[in-house]
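The values are calculated or read from the model by the stated rules, or taken from the named source; none is laboratory data. Keep in mind that what you see is a predicted model, and the values were worked out from it rather than measured. Virtual Cβ from ideal backbone geometry, glycine too; neighbours counted across all protein chains shown. SASA here: full protein model, heavy atoms, side chains in, ligands and nucleic acids out. Shrake-Rupley method; radii C 1.70, N 1.55, O 1.52, S 1.80 Å.
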Amino acid sequence: LHGHSYTGNALACAAACASIELFHKKETKTNIERICNNHEKFVTKMMSHTKVKSIKQCGTIVALEINTGEETSYFSSIRDKAYHYFLENGMLLRPLGNIIFLNPPFCITDEELDYCYSKMEAFMDLI
């Protein structure tokens, strides 16, 4: 009698179908390649930054680990500083302790992506 999870929410199904349709468009695939190429350049640039412990890319996701002189921790106080800094600069990123994740939408422009990179680099210089 309680089949809420199995009742096939029509709105959620329509959104999923629309997302799949957009994902299969040539334009989306081109955007993904463009984002990946831009990320590769950013990762290469940031590898030599003194406050970067590590930086990794998996497709359109970049994970930047900030060197705190301590072990990596999801409870690092950098998380709060990063969250507020990026939010104040119009970005909603996912900081987990001293690791910052950039996971942009596939429709992001090069200009918007460059803005994200510049704010991430500026944050590294602030801490």
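Is it fair to say H49 is at pLDDT 95 or above, part of a loop (DSSP other than H, G, I, E, B) and surrounded by 10 or more Cβ atoms within 10 Å (Cβ to Cβ)? Criteria met by H49.
Quick check on S54: is it open to solvent by 90 Å² or more (accessible area, probe 1.4 Å), hydroxyl-bearing (S, T, Y) and within 16 Å of E121 (Cα to Cα)?
Numbers: open to solvent by 90 Å² or more (accessible area, probe 1.4 Å): no; hydroxyl-bearing (S, T, Y): yes; within 16 Å of E121 (Cα to Cα): yes.
Answer is no for this residue.
For the stretch 71-100, give me each residue that is closer than 23 Å to N38 by Cα and loosely packed, with under 13 Cβ neighbours inside 10 Å. Hits for the stretch 71-100 are L87, G90, L92. In the stretch 11-24, the count of residues that are in a loop (DSSP other than H, G, I, E, B) and either surrounded by fewer than 13 Cβ atoms within 10 Å (Cβ to Cβ) or touching a Phe, Trp or Tyr at 6+ places or on another chain (Cβ under 6 Å) (or both) is one or more. Only residues that are modelled with pLDDT of 95 or more and either in contact with a helix residue (DSSP H, G or I) (Cβ under 6 Å, 6 or more places away or on another chain) or of a type outside the set (A, V, I, L, M, F, W, C) (or both) were counted in the stretch 106-127, giving 13.
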